[in-house]
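One structure below.
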Amino acid sequence: MQYVNEAFNTNWVAPLGKNVTEFENEVCGYTGAKHAVALSSGTAAIHLSLKALGVGKGDIVFCSSFTFAGSCNPIKYLGAKPVFIDSEYDSFNMSPTALKKAYVKYPNPKAIIIVNLYGNSANFAELKKITASFDTPILEDAAESLGATYNGKASGTFGDIGIFSFNGNKIITTSGGGMAITDNKKWRDKMLYWATQARDNAPWYEHTEVGYNYRLSNICAGIGRGQLQALDDRVKRKKEIYSLYKKEFMQNKHIKMCPIPINCEPNFWLSVISLGKACQVSFMDILNKLETLNIEARPTWKPMHMQPVFKKVPFFSHLASGSVCEDLFSRSLCLPSDTKMTNDDVRFIASVVNEMTV
């Protein structure tokens, strides 16, 4: 409220003002990135990031399949062609094995979008070895992983450009919004230019390029500044919730928690469980039961290569038959993970799931 009231008191409500600038500076300070541009959504951040990387009509862009549609829709905005990559079981994120297969057929992608799913970092140690040999720029979709680290380095800083989402369901929110971060000032300046309708430096409204109305408002940025102060506490509480679920399911042979990759400290955004293949109930059975108790749980993301809109898009699997992300989608679900939950809430939800599956 302090930052929001300040915006009203100084009459800076529109997409300019101290909160926007300071929010960008504070995210840079938190992550170690040199430059940032605050935008209206994480999807907008991906759109402008791909454009900054030179992606255009007909270009091939690799992208994680196990993700939200906002990760890959901007590829189509630019007239480019997505190619989807399977996950690995160790992290639920992009599989180096599947990525190598994709390069065999498409050795010259314009960019690659690597997603950090559910707050877990992808296996950048292996993935970057592969992309470096083909000189492919990386867009790190860290929409769900602000506050996580990999090898002690902040999530969002492993790509040439990283993006965050501040949608209402994320670990911190601006009610809606996103951000792109990069060490490349030229890219940052171009994204800022496009985000403000590509207005040229002239006394009148002069435009030599098509722009977008993508800038974050000063009010929303004020909310973000206040939320950012609570980020470490949120991560701590999310970890406690994950750990308590894990403890409650310890004796249940049919349930496994989403794995924590080696060298990764997640932000534990969502606590995800996978049901064993011998389990007699489905994830939908559990979702429906919880719904009768007024408890909202959700399926995991339906892989993009399974979506009707992308049914003709190439996909490369980690496996010789089937795919990891299809398998995970068929038997996994996201349990309630809000930081306002009490330990008794977590235990009650776990007891319902245990009663159905043990």
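The values are calculated or read from the model by the stated rules, or taken from the named source; none is laboratory data. Keep in mind it's a predicted model, so treat the numbers as computed, not measured. Glycine gets a Cβ as well: all are built from the backbone with ideal geometry, and neighbour counts include every protein chain shown.
Which pairs turn up if I take residues in segment 1-14 that are part of a helix (DSSP H, G or I) and look for partners that are surrounded by 12 or more Cβ atoms within 10 Å (Cβ to Cβ) and of a type in the set (Val, Ile, Thr) with beta carbon separation below 9 Å, at least 6 apart in sequence or on another chain?
Tyr3/Ile219; Tyr3/Ile223; Val4/Ile219; Val4/Ile223; Ala7/Val13; Ala7/Ile219; Phe8/Ile219
Report whether or not Leu335 is surrounded by fewer than 20 Cβ atoms within 10 Å (Cβ to Cβ), aliphatic (A, V, I, L, M) and touching a residue at least 40 places away in the same chain (Cβ under 8 Å).
Criteria not met by Leu335.
Here are some residues: Ser65, Ser95. Which one is under 13 Å from the mean Cα position of the chain (by Cα) and of a type outside the set (A, V, I, L, M, F, W, C)?
Working: Ser95 fails: under 13 Å from the mean Cα position of the chain (by Cα).
After applying the criteria, what remains is Ser65.
Would a scan of segment 168-181 turn up a residue that is under 20 Å from Ser64 (Cα atoms) and among the polar types (S, T, N, Q)?
no
Which of the residues spanning segment 301-332 are surrounded by 18 or more Cβ atoms within 10 Å (Cβ to Cβ), within 18 Å of the chain's Cα centre (by Cα) and assigned to a loop (DSSP other than H, G, I, E, B)?
Listed by number, the residues that qualify are Trp301, Pro303.
Consider Ala143 carefully, then state whether it is buried (at least 16 other Cβ atoms within 10 Å of the Cβ) and not in a loop (DSSP other than H, G, I, E, B).
On the way: buried (at least 16 other Cβ atoms within 10 Å of the Cβ): yes; not in a loop (DSSP other than H, G, I, E, B): no.
Answer is no for this residue.
On the given criteria, is Tyr214 buried (at least 17 other Cβ atoms within 10 Å of the Cβ), touching a Cys at 6+ places or on another chain (Cβ under 9 Å) and under 28 Å from Gly159 (Cα atoms)? Can you show your working first?
Numbers: buried (at least 17 other Cβ atoms within 10 Å of the Cβ): yes; touching a Cys at 6+ places or on another chain (Cβ under 9 Å): no; under 28 Å from Gly159 (Cα atoms): yes.
When the stated conditions are applied, Tyr214 does not pass them.
Would you confirm whether or not segment 336-347 contains a residue that is outside any loop (DSSP other than H, G, I, E, B) and touching a Lys or Arg at 6+ places or on another chain (Cβ under 9 Å)?
no
I'm trying to understand the selection: among the residues of segment 207-227, which are within 14 Å of Gly176 (Cα to Cα) and in contact with an Asp or Glu (Cβ under 8 Å, 6 or more places away or on another chain)?
Those that are within 14 Å of Gly176 (Cα to Cα) and in contact with an Asp or Glu (Cβ under 8 Å, 6 or more places away or on another chain): Ala221, Gly222, Arg225.
Being surrounded by fewer than 21 Cβ atoms within 10 Å (Cβ to Cβ), touching a helix residue (DSSP H, G or I) at 6+ places or on another chain (Cβ under 8 Å) and either closer than 30 Å to Glu26 by Cβ or not assigned by TED's automatic domain parsing to the domain that holds Gly79 (or both) narrows it down to one residue among Arg237, Arg225, Arg298; which is it?
Arg298
Looking at Tyr106, Tyr118, Tyr150, can you tell me which residue is touching a strand residue (DSSP E or B) at 6+ places or on another chain (Cβ under 7 Å) and at positive phi? Full working, then the answer.
Details: Tyr106 fails: at positive phi; Tyr150 fails: at positive phi.
Result: Tyr118 is the single residue among Tyr106, Tyr118, Tyr150 that is touching a strand residue (DSSP E or B) at 6+ places or on another chain (Cβ under 7 Å) and at positive phi.
Out of Ile161, Ile171, report the one residue that is in contact with a Phe, Trp or Tyr (Cβ under 7 Å, 6 or more places away or on another chain), of a type outside the set (Phe, Trp, Tyr) and under 20 Å from Leu78 (Cα atoms).
Ile161
With the requirement that a residue be over 19 Å from the mean Cα position of the chain (by Cα) and over 19 Å from Gly58 (Cα atoms), what does segment 100-138 give you?
Lys100, Lys101, Glu126, Lys129, Ile130, Thr131, Ala132, Ser133
Kindly indicate whether any position in segment 274-291 is touching a Phe, Trp or Tyr at 6+ places or on another chain (Cβ under 9 Å), outside the structural domain of Ile113 (by TED's automatic domain parsing), exposed (fewer than 13 other Cβ atoms within 10 Å of the Cβ) and assigned to a loop (DSSP other than H, G, I, E, B).
no
Going residue by residue through segment 13-28, is there one that turns out to be of a type outside the set (A, V, I, L, M), assigned by TED's automatic domain parsing to the domain that holds Asp141 and under 12 Å from Thr182 (Cβ atoms)?
yes
Yes or no: Lys247 outside the structural domain of Val20 (by TED's automatic domain parsing) and surrounded by 14 or more Cβ atoms within 10 Å (Cβ to Cβ)?
No; evaluated as a whole, the condition is false for this residue.
Answer with yes or no whether Ser71 is among the small types (Gly, Ala, Ser) and touching a His at 6+ places or on another chain (Cβ under 8 Å). Let's see the steps before the verdict.
Values: among the small types (Gly, Ala, Ser): yes; touching a His at 6+ places or on another chain (Cβ under 8 Å): no.
No.
Where in segment 154-261 are the helices (runs of 4 or more DSSP H), entirely inside, with at least 1 residues that are modelled with pLDDT under 95?
In segment 154-261, the matching helices (runs of 4 or more DSSP H) lie at 218-228.
I'm trying to understand the selection: among the residues of segment 74-95, which are part of a helix (DSSP H, G or I) and surrounded by 18 or more Cβ atoms within 10 Å (Cβ to Cβ)?
Result: Pro74, Ile75.
Find the residue count for segment 1-52, including only residues that are among the charged types (D, E, K, R) and in contact with a strand residue (DSSP E or B) (Cβ under 8 Å, 6 or more places away or on another chain). So that I can check it myself, show each step before the final result.
To start, the set of residues in segment 1-52 that are among the charged types (D, E, K, R) comprises 6, 18, 22, 24, 26, 34, 51.
Next cut, in contact with a strand residue (DSSP E or B) (Cβ under 8 Å, 6 or more places away or on another chain) only: 24, 34.
Within segment 1-52, residues that are among the charged types (D, E, K, R) and in contact with a strand residue (DSSP E or B) (Cβ under 8 Å, 6 or more places away or on another chain) number 2.
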